[in-house]
Every structure is written in C-alpha cells, then in structure tokens.
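Report on the following structure.
The values are calculated or read from the model by the stated rules, or taken from the named source; none is laboratory data. Quantities reported herein were computed from a predicted structural model and do not represent experimental measurements. Every residue, glycine among them, receives a Cβ derived from its backbone with ideal geometry; neighbour counts consider all protein chains shown.
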Amino acid sequence: MAAFRDLLHAGQEELVQQFYKFKDDAGTMTNRLEEVGKRLSLRPEQLVCAVGFNPGARFVTEIMPIIGFATFEELVHQRNEVFTTDIYRRVPLDDILLVYQSVKYDTKTLDVMQYLLKQRLERVEQRIEETVNSLIIEKYKTEIRAIYGDGIAGVEFAEERLNRKDSGFRALLNEVGIIIEARLIPAGDIFFRETILPEEKRKILGTGLIPRDLIQTRLDEENIPAEERKVLLDYLRLQKQPGPGVQ
C-alpha cells in the first residue's frame, strides 16, 4: 500500500523500487493501471496524478509500461485530463491540495499548471451551477485559497479573474479578499475597478485598507453605479457614528 503523498514526493529510485515489484504481474497495458492501483490501494485516477505530478517521474520512463503507459507523455495527457475534469470524486480535495504544494517547487510543471487551472476551475464552477452543492462550494473555496496561498496563482491569473464582469463565483468565494491577503494586487487598485461588484467592494471596505479620501474620490466619479454608491455612502455614514458609550 502506498499513500498518494508518498508517490507524489518519492524520489526517482523510490519510484523504480515501488513499481518494479509489479513488472512481472500478468495483465495487458489497458488494465495495468487499475491492477497496480488496486495493489497500492489507490484509484487509477489517483495513481495517474500522483506519478504524473511527481517531478522525478519524467526521468524514470522504464516504469511507465508497468502502470499501462507507453511513454511519460502519454501519462501526462491522462494526468491533465483527470486533473481538469474530476471534481473531488475520484481524486479528493486533500490530494489536489498536495499537488499544489508539490508543483510550486517544479518550474516546468508549474508553467503547465497555469493552463490546467483555467480549465479545472471552469469545470468546478459549471458543476456548482448545475448542482448548487454546498459541499462542492466549500471544497472549491478551500482550493482557491490554496491556489493563491501556495503561490500557484500569480498576478496574471488574478488579473484575469478580476477582469471577469458580473462574477458571482468571485464574490461567493470572497476571492478579492484572498487576492489582497496574498498581496498580489493592492486593495486600492482593486477598489476602483468597474468589474468589481458592489458586494465585493463592501468586503474590501471591511478590511480597513481603503482611506476615506479614496472612497470620496470614487464617489465623485460621475458614472458610479447606484448600488455601489449606496454601499460607499452607507460605509462612510457608519464610520461617522459614535461607538458605544461615546457621547
């Protein structure tokens, strides 16, 4: 039995030792992945991601046929498919988080991850729209925090997310707050953007990072949406109110 974490972080020699004990097992290329997975108490999808995201696996191509792949590139293709389409079902959230923690130290895979992330998050959001499943929503929030917290998402990724208009998912996740916490883009910069929803701006104000004069500058703009204007005015009005016990 091998844990997902163990295979993901195994060195090249460890990988060879782990899989060479299965090299003489009976079975065709098409069922080897499932059979080896069973021996290791892992689902085929977990095995594909654990080995596929292991930074040393590309250098031990001799183990690929043992798990049912002719080449490492073939494994990578399957890995990418699983990672972008499985929504916490065959590869649980804990394994996904381990992948993020691992790839941030592997420049080559980290570059690919920027491309994979967009596809994966679109699939997750599509599933949430279809099911409104609260469990998936909570897992998605955790995943987004990990993406920013582990340094997987950079400024370019954050900019693309912030430029999406009417992003209910971004507001649902409080992604703006996460981006600010990760110090990718300053709160003041985000505050003035037209693509940021009024409710998101309310949360930015709640951080206390927006000075009163900047709020007033925004209010002085002619084309500010009515709902946003109300949010800003309510915030300023609240700041003027004396605290408990103040006469």
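Looking at the structure I just gave you, is TYR140 assigned to a helix (DSSP H, G or I), aromatic (Phe, Trp, Tyr) and crowded, with 18+ Cβ neighbours inside 10 Å? The answer is yes for TYR140.
Once the range 103-112 is narrowed to residues that are within 14 Å of LEU8 (Cβ to Cβ) and within 13 Å of the chain's Cα centre (by Cα), the residue that is modelled with the lowest pLDDT is LYS104. Among the residues making up the range 122-134, those that are without any contact (Cβ under 8 Å) to a residue 24 or more places away in the chain and over 9 Å from THR84 (Cβ atoms) are GLN126, GLU129, GLU130, THR131, VAL132, ASN133, SER134. With respect to (1) among the β-branched types (Val, Ile, Thr); (2) modelled with pLDDT of 95 or more; (3) more than 29 Å from GLN126 (Cβ to Cβ), the lone exception for ILE66 is condition (2). In the set ARG193, ARG164, ARG183, only one residue is out of contact with any helix residue (DSSP H, G or I) (no Cβ under 9 Å at 6 or more places or on another chain) and part of a loop (DSSP other than H, G, I, E, B); that residue is ARG183.
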